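Bear in mind these aren't lab numbers, they're just calculated from the coordinates by the rules spelled out. Since we're looking at a predicted model, the values are computed, not measured. Here the Cβ positions follow ideal geometry from the backbone for every residue, glycine too, while neighbour counts run over all protein chains shown.
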Ligand SMILES: [Zn+2]
Ligand SMILES: [Zn+2]
């Protein structure tokens, strides 16, 4: 998963946890907001700083949009099939 910086446009890999140095941060969506959560120390981040320019990259940038698009297409197809067989 890569996040694109809104300022300099640089694509960055998921950062290390600033709290414990763990590299397995995972993007999560909770109540419509995105977070990067550390699986080791449970610290969550809403923003991470860009190594290129130092500005804040929202956690949303690290969520995989193609996965959401894929899920949406699957749901549409299922609804269509059910409508057709009725
Ligand atoms: Zn951590
Ligand atoms: Zn940047």
Length-normalised contact order for the chain - Cα pairs under 8 Å, 6+ apart - percent: 25 percent
Angle in degrees between helix 65-85 and the longest Cα principal axis of the chain, rounded to the nearest 10: 10 degrees
Label-point separation, residue 20 to residue 85 (7 Å along Cα→Cβ), nm: 4.5 nm
Protection proxy ranking, peptides 4-12, 32-40, average beta carbon neighbours within 10 Å, highest first: 32-40, 4-12
FRET efficiency, 1/(1 + (r/R0)^6) with R0 22 Å, evaluated for residue 69 and residue 28 via beta carbons: 0.75
